[in-house]
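Enquirer: Below you will find the structure I want to go over with you.
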Amino acid sequence: MTALLDYGAGNVRSVINALEKLGENVKVITSPEDISSAERLVFPGVGSFGAMMNILHDKGYAEPLKKYLASDRPFLGICLGLHALFESSEEAPEVSGLGFIPGRVIRFTTDLAVPHIGWNGIKAAGPSPIFHDIRGDEKFYFVHSFHVDPADRDVVLTTTDYGYEFVSAVQRGRVIATQFHPEKSGTVGLKLLGNFLTAGREEVVPSHCAATTHLAKRIIACLDVRGNDQGDLVVTKGDQYDVREKGAVRNLGKPVQLAGRYYEEGADEITFLNITGFRDFPLKDLPMLEVLRETSKNVFVPLTIGGGIRDYVDKDGKRYSALEVASQYFRSGADKISIGSDAVEIVEQVLAEGKSTGLSSIEQISRVYGSQAVVISIDPRRVYVSGPEAVPHQTIKTATPGPNGEEYCWYQCTIKGGREGRELDAITLAQVCQELGAGEILLNCIDKDGTNSGFDLELINAVKTAVTIPVIASSGAGNAEHFLEVFVETQAEAALAAGIFHRREVGIDEVKSFLRNKVEIRPC
Ligand code: 1PR
């Protein structure tokens, strides 16, 4: 029996699912006494350091946790569950940590995109029981803006490189904590979790650790989901966002099954977009929550969900915040949420008023769950203009002139699945969302969507150079070469595709074998 510390912020479902997949019985802690009586404890931390520590104190968990750690019973901390062990964090300097390990948590200081999101390697600094059957050259899933800085190097179990070498796992006695997410790291992550569950194994050192680790470019499968005319929830796919063929919604399969297939093929992440979420209230739209719950039982890579994440007033006048909607998604198995239409309206308001309210969905969700959990999905459309001065927007000079020979264009943001164009450009949207706390950009392109003609490299370069958070290139992938092109010609951290995967034109495994030795990837 493993006790799991759920302090109510974030996706603990995936950890429970991973432990249960390994045949373990999980008891979710509901009182301070449950911590005191636990024989083995897993602490998956998601969210932000300050919110986490405040909740631990409010619930009376902090003192029993300190005693548990001091008793040297088996403990596995994950991500913020690692940070909690330290004395303090730059993420919330006014709040103290548990202080079990001397040292602090500091923000990444690198020119690379922060948060550090994706699959990176580990270098073992010493032996551990969790390394059984781990070669050392596998990649694990990271998602964080802060990392630990122990005062005493003896506790360092692994390090990882991202701009510089940082500590990615610690071990002190039977207390182990990782920055990466084993529960989101596919089969190798499950293996590591299984090792933690097997008491009394001897300590081993992985034999194949590289001298330097590298973050992999991510390949993401995207599932656009909506109800069809018969009321079934289906994966659909549009051509430039038009998902109907001969009047009917295209049906390319069932969300849970397709996600399972993409996990098996080696997808590094899976994204669900509830494409009609803007008109339905997502908490009434229980099938999406069910899709997440079912998918996360068998899919151990990160899941993002988007569609309809905004404040909402139901027909009885009851108000729901975007934070409540997002919380439901996190509790059902989502690791990140993506905001589309609401982001456009938030940025319009910020630009009109010259400041933010602090209450927008982006700010609220990133405050509680951390910026790495907030993705902004942009649905831009190319608009040609005669020159940069023709519009009050950020324009680019394009190598593909417009119908009248125009050499400039801007990328107009749209809302409601491309139905409504707004007076806001994609570059400005991305910049303001980053300032508000967003952690990643999912950059679609309506002109390219479903065309199989390759990614819009000009758009991706324009947005990528304007922000410091990771950018996911999306729309237009037609073959494996397009993935190579987007990773060579732009600095995008990830590439997402839908149509070619759904129609089995190219498999994710084929994309990865093509990229192998050309681009850093996580092998299937
Ligand atoms: O506005 O917060 O409710 O979120 C709605 C979400 O649904 C947004 O993220 C928006 O991108 C998405 N969406 C809305 N309508 C559509 C549509 O297609 N009619 N799909 C839609 C967006 C674009 C990509 C697609 C890539 C790759 N889909 O996700 O998967 O373009 O396609 P490809 O590889 O086949 O070219 P909100």
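The values are calculated or read from the model by the stated rules, or taken from the named source; none is laboratory data. Please read these numbers as outputs of a predicted model, since none were measured by experiment. No Cβ is skipped: glycine too gets one built from the backbone with ideal geometry, and neighbour counts run over all protein chains shown. Accessible surface is based on the protein model in full, side chains and every heavy atom, while ligands, DNA and RNA are left aside. Shrake-Rupley method; radii C 1.70, N 1.55, O 1.52, S 1.80 Å.
Enquirer: Counting alpha carbon pairs within less than 8 Å and at least 6 residues apart, what relative contact order, in whole percent, applies to the chain?
Expert: The value is 13 percent.
Enquirer: Per Stokes-Einstein, at 4 °C and 1.567 mPa s, what whole-number D in µm² s⁻¹ belongs to the stretch 1-71, with the Kirkwood radius over Cα pairs as the hydrodynamic radius?
Expert: Rounded, D is 104 µm²/s.
Enquirer: Sticking with this one: Convex hull over the Cα atoms of the stretch 314-382, averaged projected area in nm²?
Expert: 6.3 nm²
Enquirer: Once you have the Cα-Cα distance between Thr187 and Lys246, take 0.36 nm times their residue separation minus that, and quote the gain in nm to one decimal.
Expert: That pair, Thr187 and Lys246, stretches by 17.0 nm at full extension.
Enquirer: Could you pull out the pairs from Lys184/Lys512; Lys59/Lys297; Lys21/Lys512 whose alpha carbons sit more than 21 Å apart here?
Expert: Lys59/Lys297; Lys21/Lys512
Enquirer: Still on this structure, I have one more. Can you give me the convex hull volume of the Cα atoms of the stretch 312-437, divided per residue and expressed in Å³?
Expert: Spread over its residues, the Cα hull of the stretch 312-437 gives 135 Å³ apiece.
Enquirer: For Arg218, which sequence-distant residues (separation of 5 or more, or a different chain) have an amide H within less than 5 Å of its own amide H, given hydrogens modelled in the peptide plane?
Expert: Result for Arg218 returns Ala494, Ala495.
Enquirer: Here's something else I'd like to know. I'd like the FRET efficiency for Asp314 and Glu389, computed as 1/(1 + (r/R0)^6) with the beta carbon distance as r and R0 of 35 Å, rounded to 0.05.
Expert: 0.15
Enquirer: Give the accessible surface of the stretch 268-338 per residue, rounded to a whole number of Å², with probe radius 1.4 Å and ligands, DNA and RNA excluded.
Expert: On a per-residue basis, the stretch 268-338 sits at 35 Å².
Enquirer: Round to a whole number: what % of the accessible area of the chain belongs to carbon and sulfur, probe 1.4 Å?
Expert: 47 percent
Enquirer: Report the GluC sites (Glu not before Pro) located in the stretch 163-254 that are in a DSSP loop and have at most 16 other Cβ atoms inside 10 Å of their Cβ, or state none.
Expert: Filter output for the stretch 163-254: Glu202, Glu203.
Enquirer: Per residue Cα convex hull volume for the stretch 381-524, in cubic angstrom?
Expert: About 123 Å³ per residue, rounded to a whole number.
Enquirer: Report, in debye and to the nearest 20, how large the dipole of the chain comes out about its Cα centre when Lys and Arg carry +1 and Asp and Glu carry -1 on their Cβ.
Expert: 1020 debye
Enquirer: To continue, here is another question. Reported to two decimal places, what Rg/Rh ratio describes the chain when computed on Cα atoms with Rh from the Kirkwood expression?
Expert: Radius of gyration relative to Kirkwood radius: 0.96.
Enquirer: Spin-label point model (7 Å from Cα, Cβ direction): what's the Lys518 to Glu481 distance in nm?
Expert: 0.9 nm
Enquirer: Per residue of the stretch 28-33, in order, report the coupling 6.51 cos²θ - 1.76 cosθ + 1.60 (Karplus, θ = phi - 60°) as ³J(HN,Hα) in whole Hz, putting x for Gly and Pro.
Expert: 7, 5, 10, 8, x, 5
Enquirer: Which value in nm describes the separation of the simple spin-label points at Lys67 and Arg135, placed 7 Å from the Cα toward the beta carbon?
Expert: 4.6 nm
Enquirer: Okay, next question. Along the positive direction of the dipole of the chain (beta-carbon charges: Lys, Arg +1; Asp, Glu -1; about the Cα centre), which of Gly47, His482, Asn461 reaches farthest?
Expert: Gly47
Enquirer: Can you compute the equivalent ellipsoid semi-axes for the stretch 194-284, i.e. the square root of 5 times each eigenvalue of the Cα gyration tensor, sorted largest first and rounded to whole Å?
Expert: With the √(5λ) rule applied to the stretch 194-284, the semi-axes are 40, 17, 12 Å.
Enquirer: Would you work out which of Asn120, Pro102, Met1 lies farthest towards the positive end of the dipole of the chain, given +1 charges on the beta-carbon of Lys and Arg and -1 on that of Asp and Glu, about the Cα centre?
Expert: The Cα lying farthest towards the positive end belongs to Met1.
Enquirer: Another question about this same structure. Could you provide, to the nearest whole Å², the per residue accessible area of the stretch 68-131 with probe 1.4 Å?
Expert: 32 Å²
Enquirer: Something else: Each residue of the stretch 84-99 in order: what ³J(HN,Hα) in whole Hz does its phi give by Karplus 6.51 cos²θ - 1.76 cosθ + 1.60, θ = phi - 60°, with x for Gly and Pro?
Expert: So the J values, rounded to whole Hz, are 4, 5, 8, 6, 7, 9, 5, 5, 8, x, 7, 10, 8, x, 6, x.
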